[in-house]
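The values are calculated or read from the model by the stated rules, or taken from the named source; none is laboratory data. Keep in mind it's a predicted model, so treat the numbers as computed, not measured. Methodologically, a virtual Cβ is constructed for each residue, glycine included, from the backbone with ideal geometry; neighbour enumeration extends over all protein chains shown.
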Amino acid sequence: MGKRLSSLLTLAVLAWLAVPVTVSAHVLRTDGDIGAVLHINPDDNPTAGDPTDYVISFADDTGKFSLSQCLCSVAVMQAGRTITRRSLAHSQGAVSENRYTFVRPAVYTLRVTGMPRTPGAFQPFTLDYEVRVTSGQSAMQPVPPLLWAGMGLGLGLILLAAYASDYTDGETEK
């Protein structure tokens, strides 16, 4: 590998690592046959004092689960203490859209529980999600997936150009 290629490779890797990353709040949790994905708005980055919309999309491997037939609730917890508990809204199909305003920045747990209205209709479940609420003062912004794809493509083109340059340099030396 030529010096130019290794220099370009090192530079590209350092540039790639320098971009800040945030964790997506699209989280799948399962309990037996029941699973649900949590999505938090705005931008998977809840801020204290602002209303936070969160969507829970349920799935059931057995096909027995029905949100309309579920005594489902969500508890907002902090440090093991329940702050509030409310019934989940039944929005559409197996999707529940809800809203909550977190009072202060902290790490919270959303505990979603469900029992069938008719005993035995589906398995009872408990799903826990960790949610980090910020003050809204963060300087770090999430990197859009399209930007990651563009950076990957750019890195690939740089490596391809460096390889081609080294290959043609090797051909002219012979």
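Kindly indicate whether any position in the range 61-76 is at pLDDT 95 or above and charged (D, E, K, R). So far as the range 61-76 goes, no, none of its residues is at pLDDT 95 or above and charged (D, E, K, R). If I filter the range 94-103 for residues that are among the charged types (D, E, K, R) and assigned to a strand (DSSP E or B), do I get at least one hit? Within the range 94-103, one or more residues are among the charged types (D, E, K, R) and assigned to a strand (DSSP E or B). Given the criteria modelled with pLDDT of 95 or more, more than 30 Å from Gly154 (Cα to Cα) and not in a loop (DSSP other than H, G, I, E, B), does Ile40 qualify? In short, no. Of Thr113, Thr47, all but one fail to be touching a Gly at 6+ places or on another chain (Cβ under 8 Å) and of a type in the set (Ser, Thr, Tyr); the exception is Thr47.
Taking the condition of being buried (at least 17 other Cβ atoms within 10 Å of the Cβ), over 26 Å from Ala121 (Cα atoms) and aliphatic (A, V, I, L, M), how many residues in the range 30-68 meet it? Residues in the range 30-68 being buried (at least 17 other Cβ atoms within 10 Å of the Cβ), over 26 Å from Ala121 (Cα atoms) and aliphatic (A, V, I, L, M): 1 in total.
Taking first residues from the range 109-127 that are in a strand (DSSP E or B) and among the acidic types (Asp, Glu) and partners that are surrounded by fewer than 21 Cβ atoms within 10 Å (Cβ to Cβ) and modelled with pLDDT of 95 or more, no Cβ contact under 7 Å between residues at least 6 apart in sequence or on separate chains turns up.
Checking each residue in the range 47-93 for being touching a residue at least 12 places away in the same chain (Cβ under 8 Å), part of a strand (DSSP E or B) and basic (Lys, Arg) picks out Arg85, Arg86.
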